[in-house]
Every structure is written in structure tokens, then in C-alpha cells.
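The values are calculated or read from the model by the stated rules, or taken from the named source; none is laboratory data. None of these values were measured; they are calculated from a predicted model. A quick note on method: Cβ atoms are made from the backbone with ideal geometry, for glycine too, and the neighbour counts reach across all protein chains shown.
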Amino acid sequence: MAGRERALIVGAGAGLSASLGRRAAQEGMDVVLAARDTQKLTALAGETGAQAIACDASSAEDVDRLFAEIDRGGDRLDLVVYNPSGRARGPVIELDPAAVEQAIRVTAFGGFLVAQAAARRMLKQGHGTILFTGASASVKGYARSSSFAMGKFALRGLAQSLARELQPQNIHVGHIVIDGGIGRAGDPRGANRGPDALLDPDAIADSYFYLYRQARTAWSWEIELRPWVETF
């Protein structure tokens, strides 16, 4: 297709999302950043030349408006990354059902809404990549974290189902299990575990773009990323 490649990062902010936005810009892509609060994206948008759009990914109406705005910006949509997640922490007997419902809506239902809208456009153009950000909780349910496990298990199931449905139509679907803490500047969490004890967000972004550029003769639908000191 004519024109520059375009990437949409949903749930944009600091850390991994910022690394993905910078990497997309370095790749020469037009970048769209979507988040509920776009004020936090001002610096990143200025750095990458990205368009920032307000969107609550758990709202079908917001997602419709997001993609309508994307359509106004051009026909291409090459890469979509879904990052948002929610959780209600605590013992299961104490959890607020409304908070659990909202956590699952953000983590899983929002992923469905964004993927559905992206797939409609990618099927029309004949190609595209949709990547979902998972976690340790995508494959292991932890105590006092049932809402997060429910949402991440559901998101993984969505990714696997869409991979089987869409990959034969030249749309690459990937799920990335982030198994460990993501580091940030001045982060003390890895101090007692030695060097490289936390995931470097720039290194994670490298893996996302490896999937994006992966030859379709050898597509991966899922990869796991963890620091070398992380047990699993």
C-alpha cells in the first residue's frame, strides 16, 4: 500500500508503551497513541510526532470514535498493540463485584473491541499485525489476584482464537507474556537480584517489533519474555 506504515498503541503511557511509540517512530511509522488521559502523552507525542487520542478502551462508543478518527488520518493501519489492564486486588471474599467487572472489561473486553475494529480494517487492506500484552497472570493465577487472572486468561484466549481465525488471511496476531517486573529509571526493585533483574522496556519493544517484522513463513502467535534471573 502507498504511504507510510502506521501504528496504533492503545493504553499508552510511560514504560513499555513509550518504548513502543519511540520504536515505531524510529521505524519511520506514523504513530497514534490512545489513552484515557491524553495529557500524560504530551511529551511522548511531541518526541515522536504522534497523534494522541482520548479513549476508554472498555467503552464500545469510545473505541468507535477512536477508529473513526484513525480513518480520517488515512487508510493504512499496519500495527495495533493492546496494552491496557485492570485489577481489583484482595481476598476473593472481599472483592467488590463492580470493581472486578470493570477490571475484566478493561483487560479483556477492551481487547476484543480494539481487535474487532482493527481486524475490519486489516481484512479490507489485506494485511496487518495485532499484538496483545499479556502477563505472568495470563498463564498462572495468583492468590489475591483473581480479577487480573480472569482478565489476562481471557485476553490470551482471545489472542489464540484470533490467530487461528485471522492468520490464514494474512493478519499476524501475537500474544506476549511479560513474566516479570518492567524496570523504570531509578527503580530499586532489582537492586538485590543483580544486573538486568527487571525487564528493560526498550528490549521488550525490540521483541514486539521482531514479531511485527517476522516473516510469515515462520509466524509466532505467542512468546514469553522474562529477565534471566526470573524463576518460572
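Quick look at the values:
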quantity: Residue, surrounded by the most Cβ atoms within 10 Å (Cβ to Cβ), within the range 164-178, restricted to residues that are under 18 Å from residue 137 (Cα atoms) and touching a Gly at 6+ places or on another chain (Cβ under 9 Å); calculated: 175
quantity: Qualifying residues in the range 136-158 (those that are of a type in the set (A, V, I, L, M, F, W, C) and surrounded by 24 or more Cβ atoms within 10 Å (Cβ to Cβ)) - the one farthest from residue 92 (Cα to Cα); calculated: 155
quantity: Residues satisfying the stated conditions in the range 207-232, i.e. loosely packed, with under 14 Cβ neighbours inside 10 Å and of a type in the set (D, E, K, R); calculated: 213, 216
quantity: Looking only at the range 23-36, and only at residues there that are farther than 19 Å from residue 113 by Cβ and out of contact with any helix residue (DSSP H, G or I) (no Cβ under 6 Å at 6 or more places or on another chain), the one that is surrounded by the fewest Cβ atoms within 10 Å (Cβ to Cβ); calculated: 28
quantity: Selection status of residue 65, of a type outside the set (S, T, N, Q), surrounded by fewer than 21 Cβ atoms within 10 Å (Cβ to Cβ), touching a residue at least 40 places away in the same chain (Cβ under 8 Å) and outside any loop (DSSP other than H, G, I, E, B); calculated: no
quantity: Failed item in (1) in a helix (DSSP H, G or I); (2) at pLDDT below 95, with residue 194 passing the rest; calculated: (1)
quantity: Complete set of residues in the range 51-74 that are out of contact with any helix residue (DSSP H, G or I) (no Cβ under 6 Å at 6 or more places or on another chain) and of a type in the set (A, V, I, L, M, F, W, C); calculated: 66, 68, 70
quantity: Breaking point among (1) of a type in the set (S, T, N, Q); (2) modelled with pLDDT under 95; (3) more than 20 Å from residue 181 (Cα to Cα), for residue 85; calculated: (3)
quantity: Selection count, the range 39-62, where residues are under 21 Å from residue 204 (Cα atoms) and not in a helix (DSSP H, G or I); calculated: 1
